[in-house]
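Here's the structure, in structure tokens; my notes come after.
The values are calculated or read from the model by the stated rules, or taken from the named source; none is laboratory data. Note that the coordinates shown come from a computational prediction; the quantities given were computed from them, not determined experimentally. Glycine also receives a Cβ, built like all others from the backbone with ideal geometry; neighbour counts cover every protein chain displayed. These accessible areas exclude ligands, DNA and RNA; they are computed on the full protein's heavy atoms, side chains included. Shrake-Rupley method; radii C 1.70, N 1.55, O 1.52, S 1.80 Å.
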Amino acid sequence: NGSSWNTIAASTANTGSYVWNVPNTPSTTCLVKVSDTAGPATDSSNAVFTIAEQKTLTLTSPDGGENWEGGFDQTITWNNTGSITDVLLEYSTDSGLSWNTIAASTANTGSYVWNVPNTPSTTCLVKVSDTAGPATDTSSAVFTIAEQRTLTLTAPNGGENWEGTFDQTITWNSTGSITDV
């Protein structure tokens, strides 16, 4: 509120503007003052403004190298600083060229259980963003969504009457990359 002043720039060319990297010093009683370095001309903000607390998000999982199978639940995790109420979660299967919504708005609890879609790709990313902006973070490197693997037993599947000591054939169907059962 003008009781003390911190120098933003000791001297800069009089171009009519200055790009200021605002410090992370939250306050609701901020003012800016511009002064002629050679004389008495000076002016300050007409009213106070706010410097809000810096908000950050840091995605911790998946953060690169994971292999998550489609069709199963995996937990997305992140950390944050500042007051972030809700986050937007998105995923990409093309290294971030396009994004799909996981959750348009979910509580900022630091984790979200995601039913991974069966969209195989080796170039997947996840992004977490503050719904109020601008804090956001994306996986540091790509991860893989593998094709969902399924097994469906077709025989015996109920109602059969197999007599002991005789050979019977057990059958099943599978999808995905299953080598041995």
Of all accessible heavy-atom area on the stretch 42-86, the percent that carbon and sulfur account for (1.4 Å): 42
Residue 79-residue 13 pseudo-label distance in nm [points 7 Å out on the Cα-to-Cβ vector]: 4.2
Among 18, 112, 91, residue whose mean-square fluctuation peaks in a GNM of the chain (springs only between Cα atoms under 10 Å): 18
Convex hull of Cα atoms in the chain, direction-averaged projection (nm²): 17.2
Potential extension, residue 101-residue 166 segment - 0.36 nm per residue separation minus Cα distance: 18.0 nm
The stretch 84-147 and the stretch 49-76: distance between their alpha carbon centers, rounded to Å: 7
Value of relative contact order over the stretch 41-92, rounded to a whole percent, pairs C-alpha under 8 Å and six or more apart: 41
Considering only the stretch 1-157, percent of DSSP beta bridges that pair antiparallel, nearest 5: 90
Net charge contributed by nearby residues that have their C-beta within less than 15 Å of residue 5 (K/R +1, D/E -1): 0
P(r) tail fraction, the stretch 60-99 - alpha-carbon pairs more than 16 Å apart, %: 51
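Tell me, what is the percent relative contact order of the chain, built from C-alpha pairs under 8 Å that lie six or more residues apart?
It comes to 19 percent, rounded to a whole number.
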Projected label distance in nm at residue 50 and residue 72, using a 7 Å step from Cα toward the beta-carbon: 4.5
